[in-house]
1. Scan (1) closer than 23 Å to residue 383 by Cα; (2) surrounded by 17 or more Cβ atoms within 10 Å (Cβ to Cβ); (3) in contact with a helix residue (DSSP H, G or I) (Cβ under 6 Å, 6 or more places away or on another chain) for the single condition residue 421 breaks and write down its number.
2. Given the conditions (1) more than 30 Å from residue 150 (Cα to Cα); (2) touching a residue at least 24 places away in the same chain (Cβ under 8 Å), report the number of the one that residue 436 does not fulfil.
3. Hey, does segment 424-432 have a residue that's part of a loop (DSSP other than H, G, I, E, B), surrounded by fewer than 23 Cβ atoms within 10 Å (Cβ to Cβ) and at negative phi?
4. The conditions are (1) in a helix (DSSP H, G or I); (2) touching a residue at least 24 places away in the same chain (Cβ under 8 Å); (3) within 25 Å of residue 425 (Cβ to Cβ), and residue 209 fails exactly one of them. Which is it?
5. How many residues are within 18 Å of residue 422 (Cα to Cα) and exposed (fewer than 13 other Cβ atoms within 10 Å of the Cβ) when one looks only at segment 206-216?
6. Look through segment 522-548, keep the residues that are out of contact with any strand residue (DSSP E or B) (no Cβ under 9 Å at 6 or more places or on another chain) and not in a loop (DSSP other than H, G, I, E, B), and return whichever of them is surrounded by the most Cβ atoms within 10 Å (Cβ to Cβ).
7. Consider segment 245-282. How many of its residues are assigned to a helix (DSSP H, G or I), surrounded by fewer than 17 Cβ atoms within 10 Å (Cβ to Cβ) and at pLDDT 95 or above?
8. Identify all residues within segment 55-102 that are at pLDDT below 55 and either closer than 30 Å to residue 372 by Cα or in contact with a strand residue (DSSP E or B) (Cβ under 9 Å, 6 or more places away or on another chain) (or both); write none if there are none.
């Protein structure tokens, strides 16, 4: 025993002396440049000293172990050790597609199933309770020995402080079950036992409910109409696609007359900026919009058998009957083009281009090139849109077997679109399932990415919008989403210098605009302004000029400028 004590004492003294000597020398060298390094060195000194003393204590007790395991032998088939790393570091190495606009100090917690998967230089610290908590490592160190890695995105919900997560050893599942102490169609009651609920359940509200028989039959009828029309559409569509495709890509838009002003504004802006729209294909849902699109010199395809019963008026708000019916047009057109073997950039008409977005999506050196389908982040990170919050009004999809089946499945899910009043929720549900089932690579562009902002930024990020107004940031596109109706979209776009359609051409059919025999040239000159048409409407909304004399749209909000 005396000999062991002497040897251990000698070992401790040597290790601490050598380490401290090196640490102090290094610290003296670095102090002149960065005082933070000294603190890190001191923390490392304390940690190593604590580890050595702990091991000595255990050796003297004859334990034969470094310390007490963090996870007992009964959990050996589930977890052997744990570590943590910075989330930003982890996502940089393994971009799993989900929105990642987190706090700078967000972390990832790793659980290791066996000894071989543990970080090589931190095995004991990951297994044993050494009095310092779960060890912190780099993402590269944390995953270096992992041949298989399961990722479980999760967070504690703001409306509940009693969340729990259970990691259970057993038959592997790619889905997470949700159990709640909740009354039937009621609120949480802590006196009730936990019971299985759908993942959309939050207290009284349930974001997901199965469609009833009437909606199922309505979708049956709609599918019959679609498949009947497709036999006629396919042969007529293919020559057009072959003619206009660039790098096997078609830019797809669909629009009715009620939204045609936004479509024409987009095309006027693109032409003014000299941006190529030759591979844009518009699917108008009425003859009036067909005439206007062709007058602008853009390719259009009118599928009369498919769209003749769709409404001509614009939706009054998100989710109303007109809005819901137009959602099916968006499903149809993407599925048709994808089925023909082409990549698709789908976009709504309330979008402004500053640069051509295909420059990003066709850049093979960009990280986006690794993904099958890429979405703008909607910003609505509610349970309804989990786990992606993908904006279905702007996305790029590469044709392959996975995306082909994705959009066929979306087509077959019409009853869910009827039920939820939008195809966005249904599409996100399929994205999550097919990412899990087939390895579909889904990417949602971060809200922090300055290239693809939208309505969330317009209404929530005044600092960012001021940078756009001052041209300190020039995005690739701007999507005026998160806006109740066309009227407000138009006014907000005018304030932000995104409006190029002259007033005399707004909501007018081609017959009333009366272009002469020169057609396209006359229409463009008559309706498209070479400079943005800027006007003030609401003082509390972003604008490129001060609008302090205008009224508020939201009560109690201060002026933007």
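The values are calculated or read from the model by the stated rules, or taken from the named source; none is laboratory data. Predicted, not measured: the structure shown is a model, and the values here were computed from it. So basically every Cβ, Gly included, is an ideal-geometry build from the backbone, and we count neighbours across all protein chains shown.
1. So the condition that residue 421 fails would be (2).
2. For residue 436, the failing item is (1).
3. No, every residue in segment 424-432 fails to be part of a loop (DSSP other than H, G, I, E, B), surrounded by fewer than 23 Cβ atoms within 10 Å (Cβ to Cβ) and at negative phi.
4. Residue 209 satisfies all of (1) in a helix (DSSP H, G or I); (2) touching a residue at least 24 places away in the same chain (Cβ under 8 Å); (3) within 25 Å of residue 425 (Cβ to Cβ) except (1).
5. Of the residues in segment 206-216, 4 are within 18 Å of residue 422 (Cα to Cα) and exposed (fewer than 13 other Cβ atoms within 10 Å of the Cβ).
6. 523
7. Qualifying residue count for the region: 0.
8. Result: 65, 66.
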